[in-house]
Amino acid sequence: MAGRCVGVLLRRSCSGTAAPLAAEAKPKPGFWERMKEKKMVVWTKSLLRDYKEACKDIVVGAKEQPGKAALYLSLLAGVGVCSSHAPSEDSFHSSVLEASASLLLLSPWTRSGTSDGHVQRLLHLRNQGRLRHLDLLVLSLVYEAPYDPDCDLYNTQCPHLQPRMVDFPRRVLDIGFLGDWWILRNKMRDFDINEDEFSHLPPGMRTISHNQLHSQENERLYERKFKAVTMPEDLQ
C-alpha cells in the first residue's frame, strides 16, 4: 500500500514538472506576429487593398476611354489651380488699401465717383469690423455682416433677427478668383475719370468708342496737316 502511494506521488510530481516544461518549450510570438493580429492593422491592410483595386480600375478605365479620362484630369487640374490661386482675406484688405491710395493721389474733381464711393464703403465696413471672408475652395467671397463679431447686443444673439440666406447674394461685396478681386477691379476701371464732368453733354457725346479714337479718318486728317499749303491757279 505504501509503495502504491509513493508511485502515485512520483507520477504526479513528474506530470506537474512536465507541463511547465512543455509550456516553456513553446516559442512566444514576435512583435510583428502580434501586430498582424491587431484590428487596426487588419483594417489598414483591407483599406490599402481597396485603394489598390480602385487604382487598377482607374487605369483600366483610362485605357478604355482616354478622352473621358483626359477631361476628368483637366477638370481636376483646373480645380487645383483655382484652389491654389484663391485670394485670401489679407489680399482683399491689401487691394482695398491700394485702391484707396490710388484715389487719394487724385483731386476730388478728377477721381471717379463710382470708384470712390465703392472704396469708401469698403473702408467704412472694414473699420466697423463687418467684413467677412468665405473660402469656397476654388474662389473666395467677401460679404457684409450686420454687426461686429465682438458685439454683444441682443440683435446679434437672437436667432430670429439673424440675416436670412435668401438675402445673402445682396450682401456679397466681392468675388475672388484666380488671384484677383473682380468687383473691385471693375469698380476701379477708369478711376481717374470723373463722369460728372460729362453729365451736361448729350448722351451720344458722353462716351467715346475705340473706333472713334483710332479711325482712318482721324489718321488721314492728322497726316494732312503736315502737307504744304497750295493755292489754286486762279488765285495765283
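Tabulated data
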item: Tail beyond 23 Å, pair distance distribution of region 107-236 (Cα, percent); result: 60 percent
item: Karplus 3J(HN,Hα) series, Hz, for region 168-182 with 6.51 cos²θ - 1.76 cosθ + 1.60 (x for Gly, Pro); result: 5, x, 6, 8, 6, 9, 7, 10, x, 8, 6, x, 9, 9, 6
item: Placed amide H near Leu106: partners under 5 Å, 5+ positions off or other chain; result: none
item: Surrounding net charge for Ala86, when Lys and Arg each add one and Asp and Glu each subtract one, Cβ distance under 12 Å; result: -3
item: Where region 136-187 is the region considered: accessible area per residue in Å², 1.4 Å probe; result: 69 Å²
item: Solvent-accessible heavy-atom area per residue, rounded to whole Å², over region 35-129 at 1.4 Å; result: 73 Å²
item: Coil-residue chymotrypsin sites (Phe, Trp or Tyr not before Pro) of region 169-204, DSSP, other Cβ within 10 Å capped at 11; result: none
item: Environment charge at Asp50 (Cβ cut-off 13 Å; Lys +1, Arg +1, Asp -1, Glu -1); result: +2
item: Amide hydrogen neighbours beyond the local backbone of Leu173, cut-off 5 Å, H modeled; result: Val142, Tyr143, Glu144
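The values are calculated or read from the model by the stated rules, or taken from the named source; none is laboratory data. No experiment lies behind these values; they were computed from the predicted model shown. In this analysis, Cβ positions are derived from the backbone assuming ideal geometry, glycine residues included, and neighbour counts consider all displayed protein chains. Side chains included, ligands, DNA and RNA excluded: accessible areas come from the protein's heavy atoms. Shrake-Rupley method; radii C 1.70, N 1.55, O 1.52, S 1.80 Å.
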